[in-house]
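**Student:** I have a structure here, written as structure tokens, and I will follow up with some questions on it.
The values are calculated or read from the model by the stated rules, or taken from the named source; none is laboratory data. As the structure is a computational prediction, the values presented were derived from the model and not from experiment. Cβ placement follows ideal geometry from the backbone for every residue including glycine, while neighbour counts extend to all protein chains displayed. Calculation scope for accessible area: heavy atoms of the full protein, side chains included, ligands and nucleic acids excluded. Shrake-Rupley method; radii C 1.70, N 1.55, O 1.52, S 1.80 Å.
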Amino acid sequence: MSHNSFGHLFRFTTWGESHGPAIGVIVDGCPPGLDLADTDLQPFLDQRRPGTSRFTTQRQEADLVKILSGVFEGKTTGTPISLMIENTDQRSKDYSEVANAYRPGHADYAYDSKYGLRDYRGGGRSSARETAARVAAGAVARLVIPEVTITARVIEIGGDRADNFDAAQISANPFFCADAAAAARWEILVDQARKTGSSLGAVIECVATGVPAGWGAPLYAKLDADLASACMSINAVKGVEIGDGFDAARLRGEDNADPMRPGSDGPQFLANHAGGIAGGISTGQPVVVRVAFKPTSSILTPVATIDRQGNATDIMTKGRHDPCVGIRGAPVVEAMVALVLADHRLRHRGQMG
């Protein structure tokens, strides 16, 4: 299987499967001399790890990350940084039925069609388990962009959108939600989906502040294109918006413009419909990305499918699965945004000096 790497000057490659002995990532292109220890990475892994509430999969993984290379005496050396996370709570027997029948909406059939074989234990590489490695890599990327603050929050679950914003609430509930009232409603929604053997989708909004004007490129290395590519590569993601996204198509030109006035340090923008990116290049405004996660495909509700021999059958997936995979998607979206921004910072420095 190819195409397991992402990035240019700051590049990472993930490896491992959901039910293998371990997963991990190799980060290449990190500048030397940056402070880095396991304890710098672990808080980000803890945000994403499973089994932290009844609203996520009950698979119990500590997600302890180990630095295997690229660090000496607490400093990055400029050589590839290898990170490993052991799998300790696999239950492959839960997937016995999946071995011979395809889960509709999952990657089972597509993988089998492409490769002629697949690792059905938890979905192998198509499992959201792989995203733990991305979060570890994203934690390294944040060292390269210390001037940037990245915050993701869930703004919608099951079609119910959060209306209010209180930053302190994001870490105060299991949904990464900035609206306490919405989080209370979502408890009921997700519980109902879990108890009926179903699942829900979610929308995540990620905002990066402190990105200076000038990162990106006009055509084939647009900052927004790379952000969209990075976020679309996350398991279960089906849509990405930058700024107003699709809503921009419903506005008139004067309403979609981001008016400017003279400021004390460059222009003062009066709006941010563009999401901090114009012509593929950052404007200095907050970079805004929204990501849509589909409902989890592994559900207990029977769904019509076929087996590997082409026979009609029904399937329901037993085991431990997220009733809403988007809940744990916030740390993953943050990581992918950090990885893209770190890469573009180095690319900008390489081109512009």
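**Student:** Using a 1.4 Å probe on the protein chains only, how many percent of the accessible area of the range 277-353 belongs to carbon and sulfur?
**Tutor:** Within the range 277-353, the accessible surface is 54 percent carbon and sulfur.
**Student:** Loop-only check: which chymotrypsin sites (Phe, Trp or Tyr not before Pro) in the range 100-199 are DSSP coil with at most 16 other Cβ within 10 angstrom?
**Tutor:** Phe165
**Student:** Which of Arg261, Arg49, Arg250 moves most in a GNM of the chain, Cα contacts under 10 Å?
**Tutor:** Comparing Arg261, Arg49, Arg250 in the GNM, the peak value goes to Arg261.
**Student:** Between Met232 and Arg185, what length comes free when the chain is fully extended (0.36 nm per residue of separation minus the Cα-Cα distance, one decimal in nm)?
**Tutor:** Between Met232 and Arg185, full extension yields an extra 14.1 nm.
**Student:** With the radius of gyration and the Kirkwood radius both derived from the Cα set of the chain, what is their ratio Rg to Rh?
**Tutor:** Taking Rh as the inverse mean 1/r over Cα pairs, Rg/Rh reads 0.98.
**Student:** Also, I was wondering about something else. With every protein chain left in place, what is the accessible area of Lys75 in Å² (1.4 Å probe, nearest 10)?
**Tutor:** Approximately 90 Å² of Lys75 is accessible to the 1.4 Å probe.
**Student:** Then there is this: Please report the carbon-and-sulfur percent of the accessible area for the range 236-276; probe 1.4 Å, protein heavy atoms only, DNA, RNA and ligands left out.
**Tutor:** 50
**Student:** Please calculate the 1.4 Å probe accessible area of Ile81, with all protein chains present, and give it to the nearest 10 Å².
**Tutor:** 0
**Student:** Return a whole-number percent for the relative contact order of the chain, with Cα pairs under 8 Å and 6 or more residues apart as the contact set.
**Tutor:** In percent, rounded to a whole number, it is 22.
**Student:** What does the accessible area per residue of the chain come to in Å², with a 1.4 Å probe and no ligands, DNA or RNA counted?
**Tutor:** Per residue, the chain has 46 Å² of solvent-accessible surface.
**Student:** Cβ under 11 Å from His8's Cβ, His8 left aside: what net charge do those residues give with Lys, Arg +1 and Asp, Glu -1?
**Tutor:** -1
**Student:** Taking only complete DSSP H runs, can you tell me which helices of the chain stretch 27 Å or more along their own long axis by Cα positions and average at least -1.0 on the Kyte-Doolittle scale?
**Tutor:** Flagged H segments are 329-352.
**Student:** Binning at 10 Å from 0, report for the range 65-218 what percent of all alpha-carbon pair distances ends up in each bin.
**Tutor:** Over the range 65-218, the share of Cα pairs per 10 Å bin runs 8, 23, 29, 29, 11, 0 percent.
**Student:** Something else now. Name the residue, out of Ala249, Ala168, Ala22, whose mean-square fluctuation peaks in a Gaussian network model built on the chain with Cα pairs under 10 Å.
**Tutor:** Ala249
**Student:** Between the range 221-287 and the range 111-187, how far is it from one alpha carbon centroid to the other, in angstrom?
**Tutor:** Measuring centre to centre over Cα atoms gives 21 Å.
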